1. Can you confirm whether segment 24-31 contains a residue that is loosely packed, with under 15 Cβ neighbours inside 10 Å, at pLDDT below 90 and not assigned by TED's automatic domain parsing to the domain that holds VAL166?
2. Given VAL161, VAL66, which one is over 28 Å from ILE15 (Cβ atoms), free of Cβ contacts under 8 Å to residues at least 40 places away in the same chain and among the β-branched types (Val, Ile, Thr)?
3. Go through (1) surrounded by fewer than 16 Cβ atoms within 10 Å (Cβ to Cβ); (2) at pLDDT 90 or above one by one and return the number of the condition LEU89 breaks.
4. Return the residue satisfying two criteria in turn: it lies in segment 55-67 and is more than 24 Å from LEU139 (Cβ to Cβ) and buried (at least 19 other Cβ atoms within 10 Å of the Cβ), and of such residues it is modelled with the lowest pLDDT.
5. Which condition number does HIS52 fail, the rest of (1) of a type outside the set (Ser, Thr, Tyr); (2) assigned by TED's automatic domain parsing to the domain that holds THR125; (3) out of contact with any His (no Cβ under 8 Å at 6 or more places or on another chain); (4) surrounded by fewer than 17 Cβ atoms within 10 Å (Cβ to Cβ) being met?
6. Look at ALA99 and say whether it is in the same structural domain as VAL129 (by TED's automatic domain parsing), in a helix (DSSP H, G or I), hydrophobic (A, V, I, L, M, F, W, C) and touching a residue at least 60 places away in the same chain (Cβ under 8 Å).
7. Which number in (1) assigned to a helix (DSSP H, G or I); (2) within 21 Å of ALA26 (Cβ to Cβ) marks the one condition that PRO77 misses?
8. Tell me yes or no: at least one residue of segment 156-170 is out of contact with any helix residue (DSSP H, G or I) (no Cβ under 9 Å at 6 or more places or on another chain), at pLDDT 85 or above and surrounded by fewer than 19 Cβ atoms within 10 Å (Cβ to Cβ).
Amino acid sequence: MATRSPAGTRAAALIGAALGAVAARAAYAAFRRRPPLGDEKTADEYWTRVNHRGEPVTLLEGPAFVAGTAAAVALTPGLPLRARVAALLAGAGSGVLGAYDDVTGTSSSKGFKGHLAALARGEVTSGAVKILGIGAAGLAAAALAPRPPSSAAARAVDTLVDGALVAGAANLANLFD
């Protein structure tokens, strides 16, 4: 297999970044024009919530970011198939679960601790579904990611650590509203 020159690698990265930016902007504009089919609310009413500081925030940035990332991963030249599938699984899984929680969630349980406490009481919240689902998506993506040859134990530890890193990063990104 031929290796790519540093200039070719940079060009592929720039192509991916440009495709991702265009896709994210297009997705944001499309979602902004109208809410999902069958909803009586305006797009602004559907996609706006009040955050923990009492400020209105849009829910559109998450789906737009996921669309842009998915486009970049799918269309960037030269990415190995396993890396491409792992990144799509982690990104799309996190995005779909985040959107599910944003759209269907209630204010009865908030935050990581609140959702896990509700789960301990036997109550399944949309946030708990998101937490567990993102963990599963991160673990599955980590298992698919290409790795150098090593022992089965080292691969298992790498997969668990990488899965926790993916899930932790997705949950950390959720805190920035």
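The values are calculated or read from the model by the stated rules, or taken from the named source; none is laboratory data. What you see is a predicted model, and the numbers here were worked out from it, not measured in a lab. Here the Cβ is made from the backbone with ideal geometry for all residues, glycine too, and neighbour counts use every protein chain on show.
1. Within segment 24-31, the first condition is being loosely packed, with under 15 Cβ neighbours inside 10 Å, and the residues that meet it are 25-26, 29-30.
The next check asks that each one be at pLDDT below 90; those that pass are 30.
Narrowing further to those that are not assigned by TED's automatic domain parsing to the domain that holds VAL166: 30.
Yes: one or more hits.
2. Residue meeting the stated conditions: VAL161.
3. Going through the list (1) surrounded by fewer than 16 Cβ atoms within 10 Å (Cβ to Cβ); (2) at pLDDT 90 or above, LEU89 breaks only (1).
4. We begin by selecting, within segment 55-67, every residue more than 24 Å from LEU139 (Cβ to Cβ); these are 55-61, 64.
Add one more test, that the residue is buried (at least 19 other Cβ atoms within 10 Å of the Cβ), and what stays is 60, 64.
Working: LEU60: 87, ALA64: 90.
Step by step, filter segment 55-67, then rank; the result is LEU60.
5. (2)
6. Details: in the same structural domain as VAL129 (by TED's automatic domain parsing): yes; in a helix (DSSP H, G or I): yes; hydrophobic (A, V, I, L, M, F, W, C): yes; touching a residue at least 60 places away in the same chain (Cβ under 8 Å): no.
Judged against the criteria, ALA99 is not a match.
7. With respect to (1) assigned to a helix (DSSP H, G or I); (2) within 21 Å of ALA26 (Cβ to Cβ), PRO77 is out only on (1).
8. Filtering segment 156-170 for residues out of contact with any helix residue (DSSP H, G or I) (no Cβ under 9 Å at 6 or more places or on another chain) gives 156-157.
In the following step, the residues that additionally are at pLDDT 85 or above were identified as 156-157.
So of that shortlist, the ones also surrounded by fewer than 19 Cβ atoms within 10 Å (Cβ to Cβ) come out as 156-157.
Checked segment 156-170: at least one residue is out of contact with any helix residue (DSSP H, G or I) (no Cβ under 9 Å at 6 or more places or on another chain), at pLDDT 85 or above and surrounded by fewer than 19 Cβ atoms within 10 Å (Cβ to Cβ).
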